[in-house]
Structures are given as C-alpha cells and as structure tokens.
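Each value in this text was obtained by applying a stated rule to the coordinates, not by laboratory testing. Please read all numbers here as calculations on a predicted model, not as lab measurements. Here the Cβ positions follow ideal geometry from the backbone for every residue, glycine too, while neighbour counts run over all protein chains shown.
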C-alpha cells in the first residue's frame, strides 16, 4: 500500500477515536433532569440516549472497545509509515508525533467540546453509536463476560446499585444553581417552598396578644357590635380571655343566621367550629398537609404545656412562599410606620421574621422571636423609656414605651 493510504487511515482512526471520546463525555455530562423532560415529551433522540444510559455497562464497554481498537490500529499504522520513510529513527519520530496528535485531536479537543455541548453531542452521536454497538456485539459480550468473571473472582459484587435519590439539601442546591435558567421570582418561590420544611408555625404565627376575637360573656349588644366591626373572616370566640377558646365562627355563617332571623348566641355557638390546636414545633410543610386533610384554614398554636401562643393561618404560610401581597410596608404591617429616611416607628411585639421580610434588614435567625425579646436579650435587662442603643452595630434604636415586662414600641433606624 502507498504511504498516502496509511496516512488517510491514520486520519480516519484518529477521527474514530475522537468520536468515542466525545460520545462518552457527552453522554455522562447530560443534564438528567432535562433529559427526563425530553423523554416524557417523546423526543426521539432523547429516548435513544435514555436507553443507552439505562445500560451503562454496554455503553462504557462499546466506548472503551472502540477507543482502544482505534488507538492500537493507529499506533500500528504510524509505526509502519515511520519505518517505511525513515527506518528505525522514523519509528521513534512517528510515536512522538502520534502521541501529540492523539492527545490533542482524539482526547482533549473532543472531550472539551463534548463537555461544553453535552446534549448536542449525545443526540448527534447516539445513532452512529448504536450501529457500532451492533457490529461490536461479539467482542462486547466476550469482554463483559471476562470482566464479570474477574470481579467475582476478587469478591466484588456485580449486582446493579440502587438508584441514588437526590437529598433535600441537594435539591436546594439545584434550585440555587438554577439562576439564569428560571425567572428570579420563580426561583425565590421554589427556594421558599423548600424552606418551609425548615420553618415552624411559631415562626409565622400571629402572637396571642394580637388575636382579635369576641368575648361571649359580654352583653349581646356588644357582641353584635364586635361582629359588625370584625376585620377577619374567621372570628375566634372565647370566654373572658383568649386562653379559654370556645370556637371559631365564619362571617358567612353569621350572615346566614341573619338572613334566617336566627342571629343569637345559641345559634352562633352551634355554627362555630371547634378550635384546631397546633404544636409550636410543627413544620410549615406538615401544617399545610394538616390544613388540607382537616379542611381548615387556621389553627391556634400551643406550647408543650398547652398554653396558647398565637394563631397561624394558611395565608400566613402562603406568604412565606409567594411573599406579601403588596409592596407598601404601611399597608402590610400596621405595626411598622415610616417616619423618615430609613427610619420607622415599630411595635416591638412584631416578630423578627416579619420585620426582616418587611424591611429587608438582616437579623439573627436563631434566638428571640420578637423585637422586644431581641433587645432585652441583647441588653440583659428591660430598659426604661427613652433608652438608646445600637444593635449589632447596624441598627440605632430608641425605646419609646415600656410596660407589662416588655418593650411596647421603639424608633428604629439602620445606620449603614
């Protein structure tokens, strides 16, 4: 054969080796989640690629055999050409040149290209790979049998490993890494949805002293007036204090009683639902499921001793995911009143979580749940009115009112 024939053969074998190198990296670097989506859409190439990945032993066997055969044959051809042109010295020259050519054009370049464009490479090469696998079946079966026998001989199990499931933290990492692939607001909502598992109902509840209900021991005229001025759709009913809950009545039920001329205390209590009590440590994810199972939209949070701590509603939990329904702080929180540039008059009973969400300020995630508790813990005592302090070197606070062993209101400003 003339020299030009062997040179063309060498070029062909290098391309052949590059094909297998690129195919291996392309297949292994695919985005598995996107591939599953394409498979569900019955994308023809995606179905072929999924079939290959479902049998990794056959895939790797064909890639290794093809790549090895190509490299051995190209080495033999280069040796022959070198010896024919320059005799003994030509063999050494041919091996050096071939090593460079194989590393650059049959390994590094195709693998880098495939790593940067895995889907394009995998989908383009999957059909040629299937044809070559058909041609290499006898050799693949033989090498597979020999490798399995050797693994058994040294005591290594060849049973297929269980499919590894993605963990909760890994899923959160995937969502954080999706920046640029999803709209920022959608990404934030997905991350917030995952974070529900980490938050508890006590983190989003309305504190006990902010629960507006109706004392059924008051005169009927006062009860009717309370119903007429109620600002919520579900109204707690209690005796003397909110700690002695009787039930929860829906405004719709009250209107129904009015239309039927049955609006009296007996019928109101008959139409009231029994209070739903929720342990303070319940996760928000679990509580959403409980609301759905029991067909409820609100419940009362209690501690381990059964003491009432607050009220949590489905709307409070949903706001953790989608955010507040308006952007005006004064509209969202009645206990935050803007006073000037970056300065606010704040009811100190507000939860730290609400304050952080409303103003975008950064507070410790672990510790007291209210601003009053945070200030008292920071100082180590209950301050008097007109006391001033700087909290965590970021927030200037002036205590305005103190009472009932807690701070009532403060003026707060961010320093930097």
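Descriptive notes on the structure:
- Only beta bridges with both residues in the range 201-322 are counted; by DSSP, about 75 percent of them are antiparallel.
- Take the Cα of residue 8, step 7 Å toward its Cβ, do the same at residue 304, and the gap between the two points is 8.5 nm.
- FRET efficiency for the residue 394 to residue 198 pair, using the beta carbon distance and R₀ = 30 Å, is estimated at 0.80.
- Paramagnetic reach from residue 144 in the range 37-64 [backbone N under 15 Å; point 7 Å along Cα→Cβ]: 51-64
- Per-peptide average of other Cβ atoms within 10 Å, ordering 61-69, 261-269, 42-50 highest first: 61-69, 42-50, 261-269
- Sorted fewest first by neighbouring Cβ atoms within 10 angstrom, 256, 229 come out as 229, 256.
- The range 260-304: Rg to Rh, with Rh as the Kirkwood radius over Cα pairs: 1.15
- Taking other C-beta atoms within 10 Å as the exposure proxy, 208, 127 rank 127, 208 from fewest upward.
- Note on the chain: helix-only mean residue ellipticity at 222 nm, from DSSP H runs of 4+ residues weighted -39500 (n - 2.57) and normalised by residue number, equals -17000 deg cm²/dmol.
- Between the entries (1) 35.7, 117; (2) 22.0, 68; (3) 21.3, 73, the label attached to Rg and Dmax of the Cα atoms in Å calculated for this structure is (1).
- Here the range 5-24 is scanned for amide nitrogen atoms under 17 Å from the site 7 Å beyond the Cα of residue 85 along Cα-to-Cβ, giving 5-14.
- Potential extension, residue 151-residue 96 segment - 0.36 nm per residue separation minus Cα distance: 16.2 nm
- The length gained on full extension between residue 297 and residue 135, counted as 0.36 nm times the residue separation minus their Cα-Cα distance, comes to 51.9 nm.
- Here 123, 227 are placed in order of increasing Cβ neighbour count within 10 Å, fewest first, which gives 227, 123.
- Summary value for the chain: 10 percent relative contact order, contacts being C-alpha pairs under 8 angstrom separated by 6+ residues.
- Rounded Å value of the spacing that divides the Cα centres of the range 259-275 and the range 91-121: 82 Å
- GNM top mover of 312, 399, 91 - the chain, alpha-carbon springs below 10 Å: 91
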